[in-house]
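Presented below is the structure to which this report refers.
Values quoted throughout were computed directly from the atomic coordinates according to the rules given, and no laboratory measurement underlies them. These numbers come from a predicted model, not from an experiment. All Cβ positions, even for glycine, are placed from backbone atoms using ideal geometry, and neighbour counts span all protein chains on display.
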Amino acid sequence: MDDDVVLSAPLFAGIEPEAAQALLGSMRLVRLSRGQAAFHEGDPGDRLYVIGSGKVKLGRRSNDGRENLLAVLGPGEMFGELSLFDPGPRTATASAVSETALYELGHDELIAWLERYPPVAKHLLEALARRLRRTNEALADLVFSDVPGRVAKALLDLARRFGERTDDGVKVAHDLTQEELAQLVGASRETVNKALADFTARRWVRREGRALVLLDLERLERRAR
Ligand code: CMP
């Protein structure tokens, strides 16, 4: 696990390295295998998490059992802060999509940290604002964009988080099943598969199990607009 990635999280922004390392050292390390949950929607929440390695999906379930993914987060990203800043039940279930290591910080430690380093609050606000911006965009896409456009956007977003440059493109080891990818896009598995098959036929992407290689970023970006 790469400490530098964790220390790039907003929680540590602008803090001298010794103090940041000390806080990180005091956080509990939680390891999850694929499918294991850090917490469930509706649980009382009193701690936040920073991802050290792996991937976490944040999902909500409807009354009739359907699931929707709000986001898939990776190393250096934070979750679980909403029920700390606005005390109430967890707004989503957080579960590991691959082998994952998390750093956990309790409410009282967080408050003490913010009192000691007030500028950190600004960085946390920025992170929340970015998330709201992204959520607004996803909401508009659900209303205004078609499924292939949303699939293209989701692939580019996953590539920014988890992509690795290869000879012929960007490899995205997203670790999501087809069902999970569909839940992230907010469409049926069949429609998302059809879009992926079309992108594959056009040679914009190549499938490799639970990974995809994005071969033509420019066309995908145009399709995502
Ligand atoms: P909390 O409500 O404590 O638990 C679920 C977490 O999911 C929540 O805090 C946020 O950290 C995260 N979360 C909720 N909604 C979104 C969203 N739209 N995008 C990204 N993360 C989210």
Quick one: compute the contact order of the range 110-182, relative version, from alpha carbon pairs under 8 angstrom and 6+ residues apart, as a percent. 13 percent
Taking the range 11-51, how much of its Cα-Cα pair set, in percent, is spaced more than 15 angstrom apart? 56 percent
Would you mind calculating the relative contact order of the range 146-224 from Cα pairs under 8 angstrom and at least 6 residues apart, reporting the percent as a whole number? 39 percent
Ratio of the chain's C-alpha Rg to 2.2 N^0.38 Å, to two decimals? 1.06
I'd like the Karplus ³J(HN,Hα) series for the range 49-55: coefficients 6.51, -1.76, 1.60, θ = phi - 60°, whole numbers in Hz, and an x wherever there's a Gly or Pro. 10, 10, 7, x, 7, x, 9
Just grab the label-to-label distance for Arg130 and Ala112, each label 7 Å out from Cα along the Cβ direction, in nm (one decimal). 2.8 nm
How far apart, in nm, are two points set 7 Å out from the Cα along the Cα-to-Cβ line at Ala197 and at Leu29? 4.5 nm
Can you give the helix-only mean residue ellipticity at 222 nm for the chain, where every DSSP H stretch with n ≥ 4 adds -39500 (n - 2.57) and the sum goes over all residues, rounded to the nearest 500 deg cm²/dmol? -13500 deg cm²/dmol
Tell me the relative contact order for the range 67-224 as a rounded percent, counting alpha carbon contacts under 8 Å between residues six or more apart. 25 percent
Let me know the number of lysine pairs in the chain closer than 19 Å at the Cα, not counting same-chain pairs under 8 apart. 5
Cα centre as origin, Lys/Arg/Asp/Glu Cβ charges: the range 3-142 dipole, Debye: 440 debye
